[in-house]
Amino acid sequence: MASQGTLALLERLAAPDLPEIPSPGPDTPVAISADLRHSGYKLAPIDLNLFPGGWHNLCPAAIPRASELLRRWAERQGLRGRRVVVLAEAMTRNPAYAENLVTIGRALRGAGWDVDYIATLDDDQPVLVPTMTGDAVELHPLRVEDGCLLNSDGEPADWAFSNNDFTSGVPALIESVRTPIAPPPRLGWHQRRKRAFFEAYDQVATDWASRAGIDPWVLIPETVAIDDVDFWNQQGLDRVADAVEAMLARIQAEYDRRQIDDQPFVVVKDEAGTFGMGVLTVDDAEVIRNPNRKTRQKMQRGKAGRPITSVLVQEGVYTRDLLGDCVAEPVAMAVDGVMTGGFFRYHCSRTETENLNAKGMVFARLCCATDPAGCPGDCHRDDLRYRAYGRVIELAAAAAAEEVAQGAS
């Protein structure tokens, strides 16, 4: 793992004498992942997922740690019993997603639960979904009886671990169930908006950085939300362009003050979605004010064909991490608010300003610093990055807990 530029920020964030981050509480999500960007002078989350995928990209040494934290989270939530169902997406032809489910199951079984996989399927028969490694996951049709989700044996599940982000809405069968579901379906992308997380993160990171004697600017990407937009019909785009223009000017002023030579850019992104869809890198507001057909089409719809009607305009953060000659960005994962592991997403056909969550991306594991002996040869053993990324994902977890609490109030 190489880095263009200084490692001073990573070293500062990895220092052992920094203040504690707010402890996990009742609203701490069971698991999160965050896409991070490290420019040398800034290390910040640019996206946060409450229904994280990519578990199979973690170093194997991270899974026992995840099991321990899953058990701790469940105890604090007062969850009892041994029967857990993983509420999955109905991706019956996606080996990578199936591998992800296998790893989630491994972590849950390591915590002592019996695990089944359920999903909203087209018929009432189980489906075998092949994994990347030649195994298979058996997805069972979602069934409810007396308000309880059932496992494959027809027994009531004690709780459900959701790996379905409900982009298309919550199935009617689930809306009235009494079985605890974590995260709750109300936090799915049919309803959740990214601004809530970034507003909470701004406050959490600012408070912690002030106590740590660290400039909050190095941790926070400026973010502005714009509603009522329609790229295809070019409605509301003047407001987006004005926000882009103003943010580029603010970034340039900050760069001038800090003697940073980079050219400012911003990212315009779908405010409710994942999979790297609906993401546009911009260094000139005219791209938004007068979009070409390709731009309009790219920003028309998100995952599952959902129309994009609100966007974030976010400060662009360069990525200066490299794997070989390819630009890379870390993805960190936390269970019960604690850094559990991570991996690098890298892309050999993209630049340091572009969205790397795109066709052609490749993943590389980040070694778990707490158990280096358990890391196989294909894991990148980097204690400095692991600790620095850990600070940021744990700040993000504290912010996600605030987001969940505010959404429940």
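The values are calculated or read from the model by the stated rules, or taken from the named source; none is laboratory data. Not measured: the values here are computed from a predicted model. Don't worry about glycine lacking a Cβ; one is built from the backbone with ideal geometry, like all the others, and counts go over all protein chains shown.
Going by the conditions given, is R37 buried (at least 17 other Cβ atoms within 10 Å of the Cβ), under 30 Å from P130 (Cα atoms) and of a type in the set (K, R)? For R37, the condition - buried (at least 17 other Cβ atoms within 10 Å of the Cβ), under 30 Å from P130 (Cα atoms) and of a type in the set (K, R) - is not met. Of all the criteria given as (1) more than 21 Å from D230 (Cβ to Cβ); (2) surrounded by 15 or more Cβ atoms within 10 Å (Cβ to Cβ), the one not satisfied by R257 is (2).
When F197, F231 are screened for being in contact with a Pro (Cβ under 7 Å, 6 or more places away or on another chain) and surrounded by 22 or more Cβ atoms within 10 Å (Cβ to Cβ), only F231 passes.
Yes/no per residue for (1) farther than 23 Å from F344 by Cβ; (2) at pLDDT 95 or above; (3) buried (at least 22 other Cβ atoms within 10 Å of the Cβ); (4) touching a strand residue (DSSP E or B) at 6+ places or on another chain (Cβ under 9 Å):
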position: V279; (1), (2), (3), (4): no, no, yes, yes
position: E286; (1), (2), (3), (4): yes, yes, no, no
position: R289; (1), (2), (3), (4): yes, yes, no, no
position: K294; (1), (2), (3), (4): yes, no, no, no
position: K298; (1), (2), (3), (4): yes, no, no, yes
position: R301; (1), (2), (3), (4): yes, no, no, yes
position: G305; (1), (2), (3), (4): yes, no, no, no
position: V311; (1), (2), (3), (4): yes, yes, yes, yes
position: G316; (1), (2), (3), (4): no, yes, yes, yes
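Counting the residues of the stretch 68-127 that are farther than 22 Å from P29 by Cβ, touching a Pro at 6+ places or on another chain (Cβ under 9 Å) and of a type in the set (G, A, S) gives 1. What residue, among those in the stretch 178-193 that are modelled with pLDDT of 95 or more and touching a Leu at 6+ places or on another chain (Cβ under 6 Å), is nearest to V85 (Cα to Cα)? The selected residue is T179. Close Cβ contacts (under 6 Å, 6 or more residues apart or on different chains) running from residues in the stretch 52-67 that are not assigned by TED's automatic domain parsing to the domain that holds G112 to residues that are hydroxyl-bearing (S, T, Y) and surrounded by 22 or more Cβ atoms within 10 Å (Cβ to Cβ) comprise P52/S33; A62/T340; R65/T340; A66/T340. In a residue-by-residue description of the stretch 23-41, the property of being free of Cβ contacts under 8 Å to residues at least 40 places away in the same chain and not in a helix (DSSP H, G or I) applies to no position. Once the stretch 158-178 is narrowed to residues that are surrounded by 15 or more Cβ atoms within 10 Å (Cβ to Cβ) and among the polar types (S, T, N, Q), the residue that is farthest from the chain's Cα centre (by Cα) is S168. The requirement of being in a helix (DSSP H, G or I) and not aromatic (F, W, Y) is not satisfied by A225. When only residues in the stretch 47-96 that are among the basic types (K, R) and assigned to a helix (DSSP H, G or I) count, which is surrounded by the most Cβ atoms within 10 Å (Cβ to Cβ)? So, considering only residues that are among the basic types (K, R) and assigned to a helix (DSSP H, G or I), the one surrounded by the most Cβ atoms within 10 Å (Cβ to Cβ) is R65.
In the stretch 218-227, the count of residues that are at pLDDT below 95 and small (G, A, S) is zero.
Of all residues in the stretch 333-366, those that are part of a strand (DSSP E or B) and either without any contact (Cβ under 8 Å) to a residue 40 or more places away in the chain or closer than 17 Å to F265 by Cβ (or both) total 3.
For the stretch 200-212, indicate whether the set of residues that are under 16 Å from the mean Cα position of the chain (by Cα) and either within 21 Å of A405 (Cα to Cα) or without any contact (Cβ under 8 Å) to a residue 24 or more places away in the chain (or both) is non-empty. For the stretch 200-212, residues under 16 Å from the mean Cα position of the chain (by Cα) and either within 21 Å of A405 (Cα to Cα) or without any contact (Cβ under 8 Å) to a residue 24 or more places away in the chain (or both): present.
Exactly one residue out of A225, A241, A272 is crowded, with 19+ Cβ neighbours inside 10 Å and touching a residue at least 60 places away in the same chain (Cβ under 8 Å), and it is A272. In the stretch 270-322, what residues are closer than 19 Å to V224 by Cα, in contact with a Pro (Cβ under 9 Å, 6 or more places away or on another chain) and charged (D, E, K, R)? Answer for the stretch 270-322, where residues must be closer than 19 Å to V224 by Cα, in contact with a Pro (Cβ under 9 Å, 6 or more places away or on another chain) and charged (D, E, K, R): D283, E315.
When restricted to residues that are in a loop (DSSP other than H, G, I, E, B), in contact (Cβ under 8 Å) with a residue 24 or more places away in the chain and not polar (S, T, N, Q), the stretch 169-199 contains 10. Only one entry in F198, F166, F161 is outside the structural domain of R106 (by TED's automatic domain parsing) and of a type in the set (F, W, Y), namely F198.
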